[in-house]
1. So if I take the centroid of the Cα atoms in segment A:47-87 and the same for segment A:114-164, what is the distance between those two points in Å?
2. Per-residue ellipticity at 222 nm for the protein assembly as shown, helices alone: DSSP H runs ≥ 4 residues times -39500 (n - 2.57), over residue total, nearest 500 deg cm²/dmol?
3. In segment A:221-259, what residues drop by 50 Å² or more in accessible surface going from the chain by itself to the full protein assembly, probe 1.4 Å?
4. Mind listing the Cα extents of segment A:110-281 along all three principal axes, in Å, largest one first?
5. Under the Kirkwood approximation for Rh and a Cα-based Rg, what ratio Rg/Rh is obtained for segment A:183-328?
6. List the pairs from B:44/B:146; B:44/B:108; B:13/B:146; A:233/B:13 whose alpha-carbon separation is above 26 Å, in the order I gave them.
7. Probe radius 1.4 Å, ligands and nucleic acids left out: can you give me the accessible area buried at the A-B interface, summed over both chains, in Å² to the nearest hundred?
8. Rg(Cα) of the protein assembly as shown divided by 2.2 N^0.38 Å?
Amino acid sequence: MSTAESTTSPNPGLRDRVGTVFTVRPLTVGLALFWVWVLARWTTDFVLAGVSGFDRGTPFIPAAPFLTTADAVASLATPLGVAGAPLVWFADTLRFAADATAYLPALAHGIWTTVLLTVFSVCLGFALALPLSVVRVYGGRWARWFALSYTELIRGTPLLAQLFVLYFATSLTQVLRGVPGVGVGFVPAQAFWVAVISFTLNSAAYQSEYLRASLESVDGGQLTAARAIGLSKLEGIRYVVVPQGLRLALPSWTNELVYLIKYSSLASFITVQELYGRTSTIANETYQYTELFVLVAILYLALVVSASALMDRVESHTATAGVGHTRQ
Amino acid sequence: MTQPLLSIDDLHKSYGSEEVLEGVGLEMDQGDVTVLIGPSGSGKSTLLRCVNRLTEINSGRIALDGQDVTGADTDVNELRKQVGMVFQDFNLFAHLTALENVTLGPKKVLGMDAADAEAAGRNHLEQVGLLEQADSYPAELSGGQKQRVGIARALAMDPELVLFDEPTSALDPELVGEVVEVMRDLADEGITMLVVSHEMDFARSAASDIVFLDDGEIVEHGPPEQLFQNPTADRTEQFLSRLHAHEETA
């Protein structure tokens, strides 16, 4: 509908420009600001901390000006009675901003852990999912049965339960604690790694389902042709079927990435101080639940939109005529 | 030539209880162009696929260069290096450009280095008149161009024998000519070809032998002029007259 409109529009140039200015830019600018802030935070707190002049966790923007302005606006509202409500709201928003400046440094550290947790889990999960999906489609009877059982077991039980089983019911934590380097310096402590293992095992099952569907949708003639030029079955899968399957799986794979960013918050239940964990800890101390959970929602949204934008770039970068649907 | 390049002897193949090939025998010398014709379901494509073992046979013997290729210890990948195949539905690798389609086999199967494979691949694309389309993806090519890339892909392995499985059946009528022309050139160059096709034009001008297959057995075979002008079997005659009728209406 919109495509038809824009092609018949008498002045498509203007339309495009308007579209660019008012729809694309704010998102790009917002994401850019978000990441500049995040990276600046990480740099000052993790890299420059201890160097004179850089205090770990000091807000970049002081809260005082927000509070002064809020008080001034609120005092303006008092004589207006009910009519001053909008001014009161504005004052509250300023107070929220003042609170945010105080909490954001700690939340930036939470973002670091969340990003690390997600990236590790999704990458390791993929490394497991690829062979699992190939086995599901091309494996022998028993291998297929094993892969299917694994996938169904994982997909059929709650992620939180899987996490608790690994953390509380196995000796994984003790084993990981004994690994040299764990919890030292920048290397996160054992609970983080239990979460990584749990999310990896979980994500592998979901990713293998996406990949299986994509591999199955690659035309059978492709592998026949690969076999006919003398490639072994495994080579044919590797050089011909998998590359096409991966391309087809990208959109649903993005889905999995987005889910994992949010589901990684479950790690807070086993003491990992990722984004949700940090928020929850601060909220329990300050009782500012509303402010903090609105703030954390905005931060998760920024992470998710960044991931989607990144995968969009990957999708258009790997777009191949005739493999999957190509966008205009 | 003391021994034939390809010899098929008493070949039986059935799918479940349905016997598709009932004791087929065939011989081809180097440089021969044999065209298999026959009604649909007569087993032509199955026979072709038995030669490079995309389909396993039930009994009989197939030998290439005197080497039995149907044994359990035969290396099928080794066999397929020597036997190229061109498919009805092209089956070009969708994620690879025309050139990459042609070079994948030489690189991964023959172990050629990338530069050599590409140089050779360009030659093969030139041979089928598609050098300019080297960087196009299959989806960007016409049916006729796709099939010519398919032929180049088979030739790139430098095979002793090329199998053509109804190479023009999936093409729009106006695109058949370009593919037939390429095949005729290959025949002239002495490439050994086993072709399933009802392209009478090609059969008459390029075939050294026509084989008429019906109900899983070879009814009749001979040089094109003999088989087309003076078929000895009634079934051949009936089939050919139906084919002519179809050609005239088309």
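1. 47 Å
2. Working: 23 runs with 331 residues, N = 578.
For the protein assembly as shown, the value works out to -18500 deg cm²/dmol.
3. A:222, A:224, A:225, A:227, A:228, A:229, A:230, A:239
4. 59, 31, 30
5. Details: Rg = 20.5 Å, Rh = 18.2 Å.
A ratio of 1.12.
6. Values: B:44/B:146 23 Å; B:44/B:108 30 Å; B:13/B:146 31 Å; A:233/B:13 23 Å.
Result: B:44/B:108; B:13/B:146 exceed 26 Å.
7. Details: alone 18470 and 11650 Å², together 28320 Å².
Approximately 1800 Å², summed over both chains.
8. Working: Rg = 33.8 Å, N = 578, 2.2 N^0.38 = 24.7 Å.
Against the empirical 2.2 N^0.38 Å value, I get 1.37 for the protein assembly as shown.
The values are calculated or read from the model by the stated rules, or taken from the named source; none is laboratory data. Computed from a prediction, not measured in an experiment: that's the story for all the values here. Cβ: placed from backbone, ideal geometry, glycine included. Neighbour counts: every protein chain shown. These accessible areas exclude ligands, DNA and RNA; they are computed on the full protein's heavy atoms, side chains included. Shrake-Rupley method; radii C 1.70, N 1.55, O 1.52, S 1.80 Å.
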